[in-house]
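Inspection log for the structure reproduced underneath, given as structure tokens.
The values are calculated or read from the model by the stated rules, or taken from the named source; none is laboratory data. Just so it is clear, the structure is predicted and the values come from calculations on it, not from any experiment. Here the Cβ positions follow ideal geometry from the backbone for every residue, glycine too, while neighbour counts run over all protein chains shown. Quick note on the areas: whole protein, heavy atoms, side chains included, nothing else; ligands and nucleic acids left out. Shrake-Rupley method; radii C 1.70, N 1.55, O 1.52, S 1.80 Å.
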Amino acid sequence: MGLGSSATEGADAAFSAQLYTVLGTADHFAPYQYAEGLRQDVEHAVQLSSVDDGARWISRIPQLNFPHAIQILDWYHAKSRLHPVAQILWPSSPQCQAVWLGAQLTQLRGGEVKEVIQTLEQWATPTASEVVCTAVGYFWENRPRMEYHAYRSSHLPIGSGTMKSGVQQVIQHRMHRPGRGWKRTCATGMLFLLCDYHSNRTASTKPGVNFRPSPTILNYTRGEAGKRRAGILGRGVIVVMS
């Protein structure tokens, strides 16, 4: 199951979050994410960004749908890669771990990604630790998506907390209650209704019909499909989170 969210910040509205979901694979999810982008008129956004955890099977979807978007690695996932390294370097000194970790996070937050990578590389050989070597590869591969200082200066979110919260509050709370058993068709309809309700889209929800346009009907291509938008929310910052 995939859950995504998009947020629009405009001149009159401070923040508007939109949730959408699909019971299926990442490839099933892709057309629905694109459809939401069309609905929000992303081509006219002042800035467009996408936040995810760096997994290739996730990041390739917004890269396909919105190649012009700024790709951002979720801050929590970047930070979580440094914690185990600190534990490897100073296994018996929590204080040293905290000092080293704080220094790396300060550099990372300030846009000094190369310096963080150099520090990790310096420790990779003497420790011969797989954890440290893996962290080096992770930061090196994702370095173009870790310019956090620039993102914050542009008022772009660097975390996917909106989506994570949506999973817990919208999906888990309703769908995973004790004794619940769902047929696929019923679960799909309920998921669409939940997202419409929590995104204030219930006025456009019609009972007895599909709750989302079929990806086949949408003709999942950029170009002609881009001319068939369902709505315009105005200029602003649009964030697509996967």
## Note on the structure
Surrounding charge for residue 53, neighbours by C-beta under 12 angstrom, Lys/Arg +1, Asp/Glu -1, total +3
### Query
Roughly speaking, what is the centre-to-centre gap between the range 92-168 and the range 17-46 when only Cα atoms are used, to the nearest Å?
29 Å
### Message
Relative to 2.2 N^0.38 Å, what does the C-alpha radius of gyration of the range 57-145 come to as a ratio? Two decimals please.
### Response
1.18
### Summary
Here the residues of the range 89-111 lying in the modelled label zone of residue 129, meaning backbone nitrogen under 17 Å from a point 7 Å along Cα-to-Cβ, are 89-105
### Query
For residue 120, what is the net charge nearby, where nearby means another residue's Cβ is under 15 Å from its Cβ and Lys, Arg count +1, Asp, Glu -1?
-1
#### Entry: Extension gain from residue 150 to residue 68, taking 0.36 nm per residue of separation minus the Cα-Cα distance
27.8 nm
### Query
Share of the range 61-109's accessible area from carbon and sulfur, percent, 1.4 Å?
60 percent
### Task
Taking 7 Å along the Cα-to-C-beta vector as the label spot, tell me the residue 99-residue 193 distance in nanometres, rounded to one decimal.
5.9 nm
